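Here's the structure, in structure tokens; my notes come after.
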Amino acid sequence: MQNKFEKKIDGVFIDPQIFTYPFVKACDVCICSGECCYYGVYTDLTEYEKIMSVRERIIKSMDDSQIKDVVEWFEEPEKDPDFDSGVAVGTEVYNGKCVFLDKQGFCTLQKIAMEDNEFKWKYKPLYCILFPLVIFEGVLTVDDEHLDRMHYCNKRENQVSTIFDCTKEELRYFFGEKGFEELLQYREECLSNLKKEEIKIETAK
Ligand code: SF4
Ligand code: SF4
């Protein structure tokens, strides 16, 4: 698909606004209650299968605000080319939050991995890891539509950093070391072009 973005890393176009978009310094569910998880998420079919393979383990770590009937956990699968398998499966919302969000604002999928000394994102869907970034129509960009609903990280007075600075660990995980290095170089390029533009505007005044 043709789009306005020039840079591609590992088959994904990069929207330069990820480098400058204002954001909080770090996520803190004690402040935000994990409200980005109130609407559920689309998982890839393979992620759905991985989650279902540990359903008994998940149930053990759920609290009384969560539904333990696995039939209620996911929506019907649907075709979606932004997912590796070509099929997306949405998580359901229960008690006003994703079925996997506990009442303290923690994701049970991440919680069980940490409790079992596994890699923390072993069961967590990629789209949850990436938010406030998203891959939309082949472009890594800001999920501004979802971000607009947030009451903490979308408030100007709390945005003392950028999405890029807040999601370095996630981006390194997504692209791997080599891809992340390429992303860093591209960021330098973009920021230096921005600076040149600013100087041009200043001198034209
Ligand atoms: S993205 Fe926003 S709402 Fe979600 S955990 Fe981070 S600060 Fe909280
Ligand atoms: S799967 Fe976990 S991180 Fe993703 S929306 Fe649900 S609770 Fe949040």
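Summary of values
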{"item": "Pairs where the first residue, in the stretch 27-38, is over 20 Å from Val142 (Cα atoms) and not assigned by TED's automatic domain parsing to the domain that holds Cys107 and the second is away from ligand 2 (no atom under 11 Å from the Cβ) and modelled with pLDDT of 95 or more, C-beta under 6 Å, 6+ apart", "result": "Ile31/Tyr152"}
{"item": "Check on Val41, surrounded by fewer than 17 Cβ atoms within 10 Å (Cβ to Cβ) and either at pLDDT 95 or above or among the polar types (S, T, N, Q) (or both)", "result": "no"}
{"item": "Odd one out for Ala26 among (1) of a type in the set (A, V, I, L, M, F, W, C); (2) under 28 Å from Gln159 (Cβ atoms); (3) assigned to a loop (DSSP other than H, G, I, E, B); (4) more than 11 Å from ligand 1 (Cβ to nearest atom)", "result": "(4)"}
{"item": "Some residue of the stretch 13-21 being outside any strand (DSSP E or B) and within 21 Å of Glu118 (Cβ to Cβ)", "result": "no"}
{"item": "Scan of the stretch 141-181 for residues that are charged (D, E, K, R), in a loop (DSSP other than H, G, I, E, B) and in contact (Cβ under 8 Å) with a residue 40 or more places away in the chain, ordered by number", "result": "Arg149"}
{"item": "Residue satisfying condition, being closer than 23 Å to Glu169 by Cβ, of a type in the set (A, V, I, L, M) and either more than 16 Å from ligand 1 (Cβ to nearest atom) or at pLDDT below 95 (or both), within set Val89, Val54, Val70, Val139", "result": "Val139"}
{"item": "Residue match in the stretch 1-15 (condition: farther than 15 Å from Gly138 by Cα and at pLDDT 95 or above)", "result": "no"}
{"item": "One residue from Glu145, Glu189, Glu170 being away from ligand 1 (no atom under 14 Å from the Cβ) and either surrounded by 13 or more Cβ atoms within 10 Å (Cβ to Cβ) or not aromatic (Phe, Trp, Tyr) (or both)", "result": "Glu189"}
{"item": "Residue in the stretch 146-172 that is nearest to Val87 (Cα to Cα), counting only those that are within 16 Å of ligand 2 (Cβ to nearest atom) and either of a type in the set (A, V, I, L, M) or modelled with pLDDT under 95 (or both)", "result": "Leu147"}
{"item": "Residue within the stretch 195-204 that is touching a residue at least 12 places away in the same chain (Cβ under 8 Å) and surrounded by fewer than 17 Cβ atoms within 10 Å (Cβ to Cβ) present", "result": "no"}
{"item": "The stretch 117-141 - residue that is away from ligand 2 (no atom under 16 Å from the Cβ) and of a type in the set (Val, Ile, Thr) and, of those, nearest to Ile9 (Cα to Cα)", "result": "Val139"}
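The values are calculated or read from the model by the stated rules, or taken from the named source; none is laboratory data. Only a predicted model underlies this, so the values are computations on that prediction, with no experimental measurement involved. Neighbour counts are summed over all protein chains in view; Cβ atoms, including those assigned to glycine, are modelled from backbone coordinates with ideal geometry.
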